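Note sheet for the following structure.
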Amino acid sequence: MTSRVAVRPLAAPTPAPTGAIPLAEIAPWAVFAAVVALILLYLVSTEQGAFALFKGMYVHEFVHDGRHLLGFPCH
């Protein structure tokens with residue numbers, strides 16, 4: 001016994017929009033990422049080594065292994 005099934009053609013997929021992202025939308029996020037990266041670089045490379053903004057050795061001890069891993073001398 002054969003069954004009769006109606007076969008419908010598949011709809012063609014609609015392509016995703018491929019427009020470029022405007023620079024005005026990227027710029028604030030790029031500036032934010034650059035500022036965060038510079039703050040992290042300062043904390044790992046310089047804080048409580050040659051220069052200190054924070055009192056005590058807490059930051060130094062927190063980033064000590066990362067500092068050596070990245071090749072920054074501290075002692």
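Quick rundown of the values:
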| quantity | calculated |
| --- | --- |
| 0 to 90° range, to nearest 10: angle between helix 23-45 axis and the chain longest Cα axis | 40 degrees |
| Gain in span if fully extended, Val5 to Phe51, counting 0.36 nm per residue against the direct Cα distance | 8.7 nm |
| The chain: radius of gyration and largest Cα-Cα distance (Dmax), Å | 27.7, 88 |
| Most positive-pole-ward Cα, Ala34, Val63, Ala6, against dipole of the chain from beta carbon charges | Ala6 |
| Filtered GluC sites (Glu not before Pro), the chain: DSSP coil and at most 10 other beta carbons within 10 Å | none |
| Accessible area in square angstrom per residue, the chain, 1.4 angstrom probe | 94 Å² |
| Low-density loop cleavage sites - trypsin sites (Lys or Arg not before Pro) in the chain, where at most 12 other Cβ are within 10 Å (DSSP) | Arg4, Lys55 |
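The values are calculated or read from the model by the stated rules, or taken from the named source; none is laboratory data. Nothing here was measured: the structure is a model prediction, and the numbers come from that model. Backbone-built Cβ (ideal geometry, glycine too); neighbour counts: all protein chains shown. Each accessible area value is taken on the protein alone, full model and side chains, heavy atoms only, with ligands, DNA and RNA left out. Shrake-Rupley method; radii C 1.70, N 1.55, O 1.52, S 1.80 Å.
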